[in-house]
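Enquirer: Quick one: structure below, then a few questions.
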Amino acid sequence: MTVADKIYKTLLYFVIIITLLIVGFTFYKTVLNSDFVMIKGEEAQ
Amino acid sequence: MNLNLLLCPGESPDFFYLFDLHTAPQLLYYSYIPTIIISLFLSILVLRKDNYSLRSKTFFGFLLFFILWIFNIFIQWLVSYIVLLMFFWQTLILLEIPIFIFAVFFTYSFINNTKSIPNTYKITALLLYLSAVISVPTKYVITSYDIVNCVGTYGNVWGITYVFEILAVIFIAYICIKKYTSRQKDIPGSEIILIGSGVIAFLSFFIFSNIFANLTGNYEINFIGPIGLTIFASILSIIMLKFKAFNIKTFGSQVLIIALIILIGSQFFYATNTASVVLTAVTLVVTGVIGINLMRSVKKEIDLREKIEKTEKDLEVANAHLKELDIQKTEFISFATHQLRGPLTAVKGYASLLIEGDYGEMSAQVKDAIKVIYESTQSLLLIVGDYLNISRMEQGRMKYDLAEFDLKVLVEETVRELGPNLSYAGLSLNFENVKDPCIVNADRGKIKEVISNLIDNATKYTKKGGINIKLEKINQDRCRLMIKDTGIGIPPEVMPKLFEKFSRAPDASKTNIMGTGLGLFVAKTIIEQHKGRVWAESEGAGKGSTFIIELRLVNPDSHIPEAVKKFAEGL
């Protein structure tokens, strides 16, 4: 396995872990905490 | 305000307490469900049929993320709670970017027929994806949600994503053109064009429908998009599996029927009265029964065709093996008979010398014994000669020493030589020769062999009576030799096989034990190679038979010496 292969593997696992964490965090932020800007239809217009 | 429980306007989550199946347009089910099923089948089929190659794995990844993307949109249409809609909308980007990454990987691995993707490609793709992942929980993806219309407002990240997607399509076009112009014989140019244009069309359609929906707010274009995308995905799969096209038929019928059943089943959600429910149920059952039978019959037909193809291949292999064995057998016979002929000729020669008294006088008893040796050797030499001729014919080594000669003289000579045999067998001989010369261009030795063989046969298979030999000119171009006997005759059922290799009449061995069944085959081959004809006529068993040879005569003018012709022209 070359150095480039090792970098790729490490990065791949890192990205998978980060993705899962971010998806979990997004779920928390949207569904559980609803920490998003919500506007009514008239305001959007 | 408790936002966790906030519902989109007009929604009542009666399906698993999360979804409202009644508010979404019906076209959603007809478009998304078959797309998901077909794409799932295609991805698995290609993966399995292409033996888990890199290109099939990347194609699987490409379609898998496409399916997840469609599924995400499907949930967005059905979910009743705005918070869940927000979650799915927010994470959509995580499914969209890999579609393009895998599209690049698939195209690269297909056109280069490679077993690995360069690390630079993979690391670049991961870094791009990572930057998208980090942006997911931020408001740069979706800036805000309109709780009245239940839609989000796209942020800048989506703009950057569309730029990335367009760049990915350009990159795919670039690697395809580059490969097309510099390709070796490893991949046909047509495959590069088909795969390249298929992937580009798929992605362009995808980008266009998404950008159009986002800019105009008309999300219903997404209902048509997946159908078009499924068509492109199907075309790509067919190109990949073009050598296994039969499997596509089985797969196609299965997908069609399953999609049809699911679509009819989905009608239950819209059935408002008992009559509709009953009608849907009956349609579902009828479609199910017909569909399953159709699937079975298609599968049966395809299995049968595959079996026939396999048998055909097996037969081809067996045939090649048999041909090889046949060549070896012919070579062996040729070698063995050639080796046998030398010693046999010596035995025959010395037996002849002994009979003629060259080694002194012998008692009558010893002379008779040597005569038997001589005759048996003579028969053996004929048999060996037949085998040698056959092996030469099979190897294409039969050579003819062509020369013009008078057939009348040759027949006369042969009859004179074999005449004593007939007298010895107690048979009468009636020979009627032609008056004019019959000049033929042929191998004298081989023609004599054929005539001798036919007269010899007539002698062997005739117990009493006699043999009539007649040579006549039919016209200016042809002459005919007839050898008619009063022998055992030929039964009608034997006649069609008479001139075939190793073919003998059922009772032939009673009259002639030494026959090999090769003489007539050799005679026929020799005569036909001289552009002549040989055939037999008989009224049946015990009624005698006639063997007829027809040969082409040489044009009378052709054997006039050139000098004489020139002299005649000068007059």
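Enquirer: Quote the relative contact order of segment B:38-78 in percent (integer), defining contacts as alpha-carbon pairs under 8 Å separated by 6+ residues.
Expert: Value for segment B:38-78: 40 percent.
Enquirer: Continuing with the same structure: Thinking of segment B:62-193 as a set of Cα atoms, what percent of all their pairs are more than 23 Å apart?
Expert: Summing the P(r) of segment B:62-193 above 23 Å gives 43 percent of all pairs.
Enquirer: Give me the percent relative contact order of segment B:318-392, please, defined on Cα pairs under 8 angstrom at least 6 residues apart.
Expert: Worked out over segment B:318-392, it gives 47 percent.
Enquirer: Once you compute Rg and the Kirkwood Rh from C-alpha atoms, what is the Rg to Rh ratio for segment B:400-552?
Expert: We get a ratio of 0.95 for segment B:400-552.
Enquirer: For chain B, what's the relative contact order in percent, using C-alpha pairs closer than 8 Å and at least 6 residues apart?
Expert: 9
Enquirer: For segment B:17-93 and segment B:474-489, write down the distance between their C-alpha centroids in whole Å.
Expert: A separation of 86 Å, based on Cα centres.
Enquirer: To the nearest Å, what is the center-to-center distance of segment B:104-131 and segment B:394-424, using C-alpha atoms only?
Expert: 81
Enquirer: Could you tell me what a quarter of the Cα convex hull surface of segment B:390-434 works out to, in nm² with one decimal place?
Expert: Quarter of the Cα hull surface area: 5.1 nm².
Enquirer: Further question on the same structure: Considering only the other residues whose Cβ falls under 10 Å of the Cβ of B:Met398, what net charge follows from Lys and Arg at +1 and Asp and Glu at -1?
Expert: Every neighbour counted, the sum reads +2.
Enquirer: Moving on. Computed FRET efficiency, Cβ-Cβ of B:Glu306 and B:Lys115, R0 35 Å: what is it to the nearest 0.05?
Expert: 0.80
Enquirer: Moving to a separate point now. What does the convex hull of the Cα atoms of chain B come to per residue, in Å³, rounded to a whole number?
Expert: Measuring per residue, one finds 332 Å³ for the Cα hull of chain B.
Enquirer: What is the dipole size for chain B, taken about its Cα centre, with +1 at each Lys and Arg Cβ and -1 at each Asp and Glu Cβ, in debye to the nearest 20?
Expert: Result for chain B is approximately 400 debye, rounded to the nearest 20.
Enquirer: Lys/Arg Cβ at +1, Asp/Glu Cβ at -1, dipole of segment B:318-392 taken about the Cα centre: which of B:Phe335, B:Asn319, B:Leu353 is farthest positive-ward?
Expert: Looking along the dipole axis, the top candidate is B:Asn319.
Enquirer: So, one more: Once each part is reduced to its C-alpha centroid, what is the distance from segment B:518-541 to segment B:143-173 in angstrom?
Expert: Here the two parts' Cα centres lie 87 Å apart.
Enquirer: Then there's this: Please give the net charge around B:Leu354, taking every other residue with its beta carbon less than 12 angstrom from that of B:Leu354, where Lys and Arg add +1 and Asp and Glu add -1.
Expert: Within the 12 Å Cβ shell, the charges total -1.
Enquirer: Tell me, for the protein assembly as shown, which Cys residues have no other cysteine's C-beta sitting closer than 4.7 Å.
Expert: For the protein assembly as shown, the answer is B:Cys176, because their Cβ atoms have no other cysteine Cβ under 4.7 Å.
Enquirer: How large is the convex hull of the C-alpha atoms of segment B:3-226 per residue, in Å³?
Expert: 127
Enquirer: Got a sec? How would B:Arg183, B:Arg392 order by Cβ neighbour count within 10 Å, fewest to most?
Expert: Lowest to highest Cβ neighbour count: B:Arg183, B:Arg392.
Enquirer: What do you get for Rg/Rh over the protein assembly as shown if you use C-alpha atoms and the Kirkwood form of Rh?
Expert: Rg divided by Rh gives 1.35.
Enquirer: Let me check I've understood the local charge: for B:Tyr154, count other residues with C-beta under 13 angstrom from its C-beta, Lys and Arg +1, Asp and Glu -1. What total comes out?
Expert: Residues near B:Tyr154 contribute -1 overall.
Enquirer: Using DSSP H assignments, which helices in chain B have an axial alpha-carbon span of 27 Å or above and a mean Kyte-Doolittle hydropathy of 0.0 or higher?
Expert: Both cut-offs are met by B:27-49, B:54-78, B:82-112, B:156-182, B:189-216, B:221-240, B:245-266, B:274-355, B:364-395.
Enquirer: Hey, got a sec? Which chymotrypsin sites (Phe, Trp or Tyr not before Pro) in segment B:260-345 land in a DSSP loop and have at most 12 other Cβ atoms within 10 Å?
Expert: When the chymotrypsin sites (Phe, Trp or Tyr not before Pro) of segment B:260-345 are filtered for loop state and at most 12 Cβ neighbours within 10 Å, B:Tyr270 remain.
Since every read-out is calculated from the coordinates, none of them should be taken as a lab result. Computed from a predicted structure; not experimentally measured. Cβ: placed from backbone, ideal geometry, glycine included. Neighbour counts: every protein chain shown.
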